[in-house]
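Data block below; observations after.
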Amino acid sequence: MSQKVPDFKDFMEAARHSAVHLEMRDVYGVGDELDDFEAWKRTGLRDADPGSAYWAPWVDLVSRATARGVLVRRARVVSEPVTDYIRYEHAGSGVNVHAGEQVRWLPRRRAATLLLPGADLWIFDGTTVLFNHFGGDGNWAAPGIEPRTESSIVKQCADAFESVWELAVPHEQYDIR
């Protein structure tokens with residue numbers, strides 16, 4: 001009998017102390033948010049209802065994690081002026097905060113001296129890095145996610161995240177204009 005390969009939700013549900021997310025792309029093209037992004041571009045309105053079909057699964061997952069004591073932090077390194085996609089992300093970040101995430105933004109020019117990983121990532125409990133692989137179009141690229149547990153890789157990624165976090169601006173203070 002083969003063992004199930006863990007997915008993101010498995011890692012988040014197994015987290016006991018911390019889950020941190022480092023995002024470094026200016027554009028994503030992930031299929032499950034394309035309709036919402038296109039609607040936002042047309043109307044300027046973003047689904048910001050934590051109970052909506054779009055957000056409820058995420059809000060539930062993060063809320064359950066924070067309820068069991070997991071510190072969930074998200075840092076975004078962004079170019080300025082920001083892209084439409086980053087404006088879209090910013091417009092929805094209030095839901096991330098509502099769910100229990102701490103969110104910060106770091107203008108890329110302020111990250112110039114930092115040594116950062118070559119891919120977006122999550123770090124769970126300081127023991128597992130989950131690299132997120134994207135293609136040039138911003139959509140998932142094989143293998144999609146890549147878990148790594150080597151202590152040297154985890155430490156390098158954790159140090160990079162903390163360096164970004166220290167310089168980044170809290171969501172409620174970041175002026176997207």
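What follows draws every value from the coordinates through simple rules; no lab data is involved. Computed from a predicted model, the values in this text were never measured in an experiment. Neighbour counts are summed over all protein chains in view; Cβ atoms, including those assigned to glycine, are modelled from backbone coordinates with ideal geometry.
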Q: Excluding residues fewer than 8 places away in the same chain, name every one of the lysines whose C-alpha is closer than 28 Å to that of Lys155.
A: Lys4, Lys9
Q. Between Ala53 and Asp32, what is the label-to-label distance in nm when each label sits 7 Å out along the Cα-to-Cβ direction?
A. 1.4
Q) Among the DSSP beta bridges whose two residues both lie in segment 13-166, what percent are antiparallel, rounded to the nearest 5? A) 55
(Q) Multiplying the sequence separation of Arg177 and Arg148 by 0.36 nm and subtracting their Cα-Cα distance, what value in nm do you get? (A) 6.8 nm
Q. Which ³J(HN,Hα) values in Hz, rounded to whole numbers, follow from the phi angles of segment 21-34 under the Karplus curve 6.51 cos²θ - 1.76 cosθ + 1.60, where θ = phi - 60° and Gly and Pro get x?
A. 10, 10, 10, 10, 8, 8, 9, 10, x, 6, x, 6, 10, 4
Q | Distance in nm between pseudo-label sites at Asp84 and Asp137 (7 Å out along the Cβ direction from Cα) | A | 1.7
Q: State the three equivalent ellipsoid semi-axes of the chain, derived from the C-alpha gyration tensor as the square roots of 5 times its eigenvalues, in descending order and whole Å.
A: 24, 20, 17
Q: Distance between Cα centroids, segment 157-177 to segment 27-99: provide it in whole Å.
A: 16
Q. Using only Cα atoms, what is the ratio of the radius of gyration of segment 97-152 to 2.2 N^0.38 Å?
A. 1.34
Q) Residue by residue through segment 122-131, which ³J(HN,Hα) values in whole Hz follow from phi under the Karplus form 6.51 cos²θ - 1.76 cosθ + 1.60 (θ = phi - 60°), with glycine and proline marked x? A) 10, 10, 10, 6, x, 10, 9, 9, 10, 6
Q: Name the residues whose placed amide hydrogens come within less than 5 Å of the amide hydrogen of Leu71, ignoring near sequence neighbours (fewer than 5 apart) on the same chain.
A: Ser18, Ala19
Q) What would the Debye formula give as log10 I(q)/I(0) at q = 0.14, 0.16, 0.22 Å⁻¹ for the alpha-carbon point model of segment 35-98, no solvent? A) -0.47, -0.61, -0.98
